[in-house]
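Engineer: One structure follows; several queries about it will come next.
The values are calculated or read from the model by the stated rules, or taken from the named source; none is laboratory data. The model shown is predicted, which means the values in this text are computed figures rather than measured ones. Virtual Cβ from ideal backbone geometry, glycine too; neighbours counted across all protein chains shown. SASA here: full protein model, heavy atoms, side chains in, ligands and nucleic acids out. Shrake-Rupley method; radii C 1.70, N 1.55, O 1.52, S 1.80 Å.
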Amino acid sequence: MSDIKYILGSFGDPDEMMHGIEKLQENNISIHDVYTPMPIHGIEAKLGIKRSRIDIAAFCFGITGTCCAFALIYFCAVIDWRVNIGGKPSFALPDFIPIMFELTVLFCAFGMVLTYYASTHLFPGRAPRVMDLRATDDRFVIAVDAKDNVEHTVIDGLLKDAGALEIKYNERKYISYE
């Protein structure tokens, strides 16, 4: 049993899985990760996952888009191709607000897509990896690190008591679709 890296408890109901998380945490057993086919409200707080800073990245991408739009408009309208139309100023800011807004949204959207790919390691062409393939369909899976915790029988018993339908021992970190 020394080759076992993870113990996977498979649940059919999200409430039973949440109960399993509580039981494991009551016994000071660290949970590696939880895989679910749908978002579950409150699971981040229960697992102690910190708040995401993705909103800061979105703000930075948006400000970059606004600054680039302002610089482009200023360069084209004032420096490179100044046009005198009826004595109006070359750089009339209200006229260029829609362009600045659109580039803000464009930079933010592209930046967030790239940030998502970078943070999840899901670049195009890479095969997705999951612990249990049924976690993408109808099962709720708790993955417990087998090497850093107590006896396997204790973890098995806690998962069974919480309502686990199946308990598997995973020797690899991920199962590839390939």
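Engineer: Of everything in region 76-90 that's open to solvent by less than 100 Å² (accessible area, probe 1.4 Å) and free of Cβ contacts under 8 Å to residues at least 12 places away in the same chain, which residue is nearest to Thr64 (Cα to Cα)?
Structural biologist: Cys76
Engineer: Let me ask another. Just give me the residues in region 52-75 being within 30 Å of Asp137 (Cβ to Cβ) and surrounded by fewer than 11 Cβ atoms within 10 Å (Cβ to Cβ), in sequence order.
Structural biologist: Within region 52-75, Ser52 is the sole residue that qualifies.
Engineer: Could you identify the single residue in Ser119, Ser90, Ser30, Ser52 that is among the small types (Gly, Ala, Ser) and within 20 Å of Leu159 (Cα to Cα)?
Structural biologist: Among Ser119, Ser90, Ser30, Ser52, only Ser30 is among the small types (Gly, Ala, Ser) and within 20 Å of Leu159 (Cα to Cα).
Engineer: Check region 112-129 and report whether any residue there is in contact with a Pro (Cβ under 9 Å, 6 or more places away or on another chain), assigned to a helix (DSSP H, G or I), open to solvent by 30 Å² or more (accessible area, probe 1.4 Å) and within 20 Å of Glu16 (Cβ to Cβ).
Structural biologist: Within region 112-129 (the criterion being in contact with a Pro (Cβ under 9 Å, 6 or more places away or on another chain), assigned to a helix (DSSP H, G or I), open to solvent by 30 Å² or more (accessible area, probe 1.4 Å) and within 20 Å of Glu16 (Cβ to Cβ)), the answer is no, since none of the residues qualifies.
Engineer: With respect to Phe70, determine if the residue is aromatic (Phe, Trp, Tyr) and in contact (Cβ under 8 Å) with a residue 24 or more places away in the chain.
Structural biologist: Criteria met by Phe70.
Engineer: Can you name the residue in region 130-149 that is over 19 Å from Glu16 (Cβ atoms) and modelled with pLDDT of 75 or more and is also surrounded by the most Cβ atoms within 10 Å (Cβ to Cβ) among such residues?
Structural biologist: Ala146
Engineer: Any idea which residue in region 91-105 is most open to solvent (accessible area, probe 1.4 Å), counting only those that are at pLDDT 85 or above and touching a helix residue (DSSP H, G or I) at 6+ places or on another chain (Cβ under 6 Å)?
Structural biologist: Going through the qualifying residues, I end up with Ile99.
Engineer: Give me the residue from region 1-51 that is touching an Asp or Glu at 6+ places or on another chain (Cβ under 9 Å), of a type in the set (D, E, K, R) and in a helix (DSSP H, G or I) and, out of that set, surrounded by the most Cβ atoms within 10 Å (Cβ to Cβ).
Structural biologist: Residue satisfying both the conditions and the ranking: Lys23.
Engineer: Would you point out which residue out of Thr115, Thr120, Thr104, Thr136 is under 23 Å from Gly12 (Cβ atoms) and not aliphatic (A, V, I, L, M)?
Structural biologist: It is Thr136.
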